[in-house]
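The values are calculated or read from the model by the stated rules, or taken from the named source; none is laboratory data. Worth saying up front: this structure is predicted, and the values here are computed from it rather than measured. So basically every Cβ, Gly included, is an ideal-geometry build from the backbone, and we count neighbours across all protein chains shown. The protein model used for the area step is the full one, side chains on, heavy atoms only, and it has no ligands, DNA or RNA in it. Shrake-Rupley method; radii C 1.70, N 1.55, O 1.52, S 1.80 Å.
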Amino acid sequence: MSSSNHTAAIEQIYAQHHSWLYGWLKGKLHDACDAADVAHDTFLRILAARNAAQIREPRDYLATVARGLVIDRYRRRAIEAAYLQTLAARPEATAISEEDRALIIETLVAVDKALAVLGARTELIFKLSQIDGLTYQQIAAQLKVSLTTVKKHMIRAFTECALIMAQH
């Protein structure tokens, strides 16, 4: 699709549906600023996708993209809150710059997404090991699986995390 066709399609969708999307998001999020941010991000996603002229049901498409962005936003906020809670629980005060804090949270969000894609069992095994501090043998006993199974899932999780870290 040519750039001008794509841009024209985006402009048309924006003109016809931005107000609706913003209102829909405002009703879901109960916050005008968050609704405006997600609506903006929704159109950025569509702009980057380069498929605007192929969208047949713009409201359904916009709602689907926006729902995903809202889920990402809640996931990010939950991760950020857990990170800040962990920092606050540390015995000594840790001074972290805003830039480092943003990078850490961005990495945690990426790892969370990577683990979710790997499946529930791999995510659970990884969290039992890395967050709860269980040994592989303890995880195997708790989940009633073999030690080899635990190792296999940990290799998958660490591999995915390493790929994420290489991108950041």
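Taken over segment 119-168, the residue count meeting the criterion of being among the β-branched types (Val, Ile, Thr) and under 23 Å from Thr107 (Cα atoms) is 6.
Just so you know, in segment 50-72 the residues that are within 25 Å of Thr107 (Cβ to Cβ) and surrounded by fewer than 16 Cβ atoms within 10 Å (Cβ to Cβ) include one that is nearest to the chain's Cα centre (by Cα), and it is Asp72.
A search for C-beta distances below 8 Å between a residue of segment 117-138 that is closer than 11 Å to Ala157 by Cβ and any residue that is among the charged types (D, E, K, R), counting only pairs 6+ apart in sequence or on different chains, returns Val117/Glu160; Leu118/Arg156; Leu118/Glu160; Thr122/Arg156.
Look at (1) open to solvent by less than 70 Å² (accessible area, probe 1.4 Å); (2) among the small types (Gly, Ala, Ser); (3) closer than 21 Å to Ile79 by Cα; (4) in a helix (DSSP H, G or I) and you find that Gly133 fails only one, number (4). Tallying residues that are open to solvent by 100 Å² or more (accessible area, probe 1.4 Å), modelled with pLDDT of 80 or more and not polar (S, T, N, Q) within segment 84-102 yields 2. Name, by its number, the condition in (1) open to solvent by 60 Å² or more (accessible area, probe 1.4 Å); (2) modelled with pLDDT of 90 or more; (3) polar (S, T, N, Q) that does not hold for Gln167. Among (1) open to solvent by 60 Å² or more (accessible area, probe 1.4 Å); (2) modelled with pLDDT of 90 or more; (3) polar (S, T, N, Q), the lone unmet condition for Gln167 is (2).
With respect to Leu124, is the statement that it is assigned to a helix (DSSP H, G or I), open to solvent by 60 Å² or more (accessible area, probe 1.4 Å), outside the structural domain of Ile10 (by the TED database) and at pLDDT 90 or above true? For Leu124, the condition - assigned to a helix (DSSP H, G or I), open to solvent by 60 Å² or more (accessible area, probe 1.4 Å), outside the structural domain of Ile10 (by the TED database) and at pLDDT 90 or above - is met.
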